[in-house]
1. Scan the stretch 50-60 and tell me whether some residue there is at pLDDT 80 or above and assigned to a loop (DSSP other than H, G, I, E, B).
2. Among the residues of the stretch 64-81, count how many are modelled with pLDDT of 90 or more and not small (Gly, Ala, Ser).
3. THR102 is checked against (1) modelled with pLDDT of 80 or more; (2) surrounded by fewer than 14 Cβ atoms within 10 Å (Cβ to Cβ) and fails just one. What number does that condition carry?
4. Being buried (at least 17 other Cβ atoms within 10 Å of the Cβ) and either modelled with pLDDT of 80 or more or closer than 30 Å to ALA46 by Cβ (or both) narrows it down to one residue among GLY174, GLY115, GLY131; which is it?
5. Identify, by number, the condition in (1) modelled with pLDDT of 85 or more; (2) assigned to a loop (DSSP other than H, G, I, E, B); (3) surrounded by 13 or more Cβ atoms within 10 Å (Cβ to Cβ); (4) not basic (Lys, Arg) that GLY84 doesn't meet.
6. Any chance the stretch 154-163 includes a residue that's assigned to a loop (DSSP other than H, G, I, E, B), modelled with pLDDT of 75 or more, over 26 Å from GLY49 (Cβ atoms) and hydroxyl-bearing (Ser, Thr, Tyr)?
7. Only residues that are under 17 Å from ILE9 (Cβ atoms) and loosely packed, with under 12 Cβ neighbours inside 10 Å: list them for the stretch 20-30, please.
Amino acid sequence: MSVVTKDTIQPSSGQALTIKDEGGTASITVATNGEATFAENVKLSASKGIDFSAQTATSATGASTTSEVLDHYEEGTWTPTVTGGVSQSGTARYTRIGNVVTCTFYVTASGTTSGNFSGLPFNTNADSGKGGVVTHNTGDSVTYSILTGNNEDTFSFRLGSTQKQLSAGNVIRGVITYFV
């Protein structure tokens, strides 16, 4: 038997609290230790997230926290588009957690091209100018960096300050991580 008052539902000692749907199936169960189990995904209202402010953060460098709310998570696919004769092979994927996006891609050059790409799943933030690395390129044994545009969906391959052109038959696998 549960005790119900204006603001409290309290199950009998040692009993879990169960909220059932109209069909009698348990939708939410709260165990005696406070752990909640949900029968379906938990959906949050727009502009809300998971608040981690209860965690105690320590920083040896004196860094300060600007947010402790995780308000975005997404996984999906995207299509890299390149200037001049390149076709995509395989599927490019991304994961976005908060304001950080990590993209993987696999492309095959079907002709010589500048190596300028567009089509990132989200525009970079205004001061990105960073990127990732080409992890495999059949045309070279050199590792190239990836430079993203600022407030754009673009990126290019670099070796130092030199932009890399792609030749027919180059197979490129890469990873880009950037801020939105």
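1. So far as the stretch 50-60 goes, no, none of its residues is at pLDDT 80 or above and assigned to a loop (DSSP other than H, G, I, E, B).
2. 5
3. Condition (2) is where THR102 drops out.
4. Answer to the selection: GLY174.
5. Here GLY84 meets the rest and fails (1).
6. Yes; the residues of the stretch 154-163 include at least one that is assigned to a loop (DSSP other than H, G, I, E, B), modelled with pLDDT of 75 or more, over 26 Å from GLY49 (Cβ atoms) and hydroxyl-bearing (Ser, Thr, Tyr).
7. Of everything in the stretch 20-30, just one residue is under 17 Å from ILE9 (Cβ atoms) and loosely packed, with under 12 Cβ neighbours inside 10 Å, namely ASP21.
The values are calculated or read from the model by the stated rules, or taken from the named source; none is laboratory data. These numbers were taken from a predicted model, which means no experiment stands behind them. Glycine gets a Cβ as well: all are built from the backbone with ideal geometry, and neighbour counts include every protein chain shown.
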